[in-house]
Amino acid sequence: MKFKFKYAFVIVLSMVILSCGDDDGSPAGEPDSGTDFEGNATAEYTLSFETSFSEEMFPEEYPSNPSFGPVVAIIHSPNIDVFQTGSVANDGLAAYAESGDVDALATALESQQGQSEGLFLIQTASNASAVGTSSFDITFTPTRTRVTFLAKLNPSPDWFVGAASLDIVDGNTLKEEIQTGLVLLDAGTKAGETYESSSVSENNTIGICVDAPYAGDGPFVESLGNLTITRN
């Protein structure tokens, strides 16, 4: 699928019903006494995701029984990079965007950072509805202060919504709330131009989907939902 950048979005991931998955290590080190973590080892937040992938908004070739998922939340250190728009997807992200393979995504992260260092935690959930709202709790630690979200669009060749490396720390203070809209991303690994296409492999960079059948005729890239992260 062809794509181009029309706006400088802060790309973020769509999330929904989360249940605790595999923990890839416990946090290392002590809290930074100069941060809002103070003497506590955790900071509790609630994430809410409102999806809006409706046939009314996206009528062209709208698929039957669309959904998002499996949903993935990766709570991680600032040193971990799950994906970046404008870069080529690694094998883990490619496997997830194409087939929803969370195990391959976890393996890629372990190779990047090392499971034994305890600098990331993966939580997974089943598919989310195309239109609806879900909320879940998530916990940050002094060594895991960022979160990356992923939710594959079903069906699609390699399209997903995501939020890359959202930071809950502002200087020495924990943020009270983060809000962002979510747009559809193309992983750049499959050349399909329709939701149901089998497609062939390609090696393009990750970018925002702006072409048919997803995009409309107007100049704006439509949002598929909103993500809100609120401190408890």
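The values are calculated or read from the model by the stated rules, or taken from the named source; none is laboratory data. Predicted model, so just to flag it, every value in this text is computed and none were measured. Note: ideal-geometry Cβ built from the backbone for every residue, glycine included; neighbour counts use all protein chains shown. Calculation scope for accessible area: heavy atoms of the full protein, side chains included, ligands and nucleic acids excluded. Shrake-Rupley method; radii C 1.70, N 1.55, O 1.52, S 1.80 Å.
Relative contact order of region 85-232, taken over Cα pairs closer than 8 Å and 6 or more residues apart, is 24 percent. Among residues other than residue 64 whose Cβ falls under 12 Å from its Cβ, what is the net charge (Lys/Arg +1, Asp/Glu -1)? Once positives and negatives cancel, what remains is -3. Shape verdict for region 63-147, please, from the Cα gyration tensor: rounded (a/c under 1.5), prolate (a/b greater than b/c) or oblate. It comes out oblate by the Cα gyration axes. Electrostatic tally near residue 168: other residues with Cβ closer than 9 Å to its Cβ, Lys and Arg +1, Asp and Glu -1, net +1. Excluding ligands, DNA and RNA, the accessible surface per residue across region 119-194 is 31 Å² with a 1.4 Å probe.
Under 20 °C and 1.002 mPa s, how fast does region 75-232 diffuse according to Stokes-Einstein, given a Kirkwood radius computed over C-alpha pairs? Answer in µm²/s, whole number. The diffusion coefficient I find is 128 µm²/s.
For residue 48, what charge total do you get from the other residues with a beta carbon under 11 Å from its beta carbon, if Lys and Arg give +1 and Asp and Glu give -1?
Summing Lys/Arg as +1 and Asp/Glu as -1 gives -3.
Nonpolar atom fraction for region 81-179, defined as the carbon and sulfur part of the 1.4 Å probe accessible area, stands at 40 percent. Using every pair of distinct Cα positions in region 148-232, the Kirkwood expression returns a hydrodynamic radius of 14.5 angstrom.
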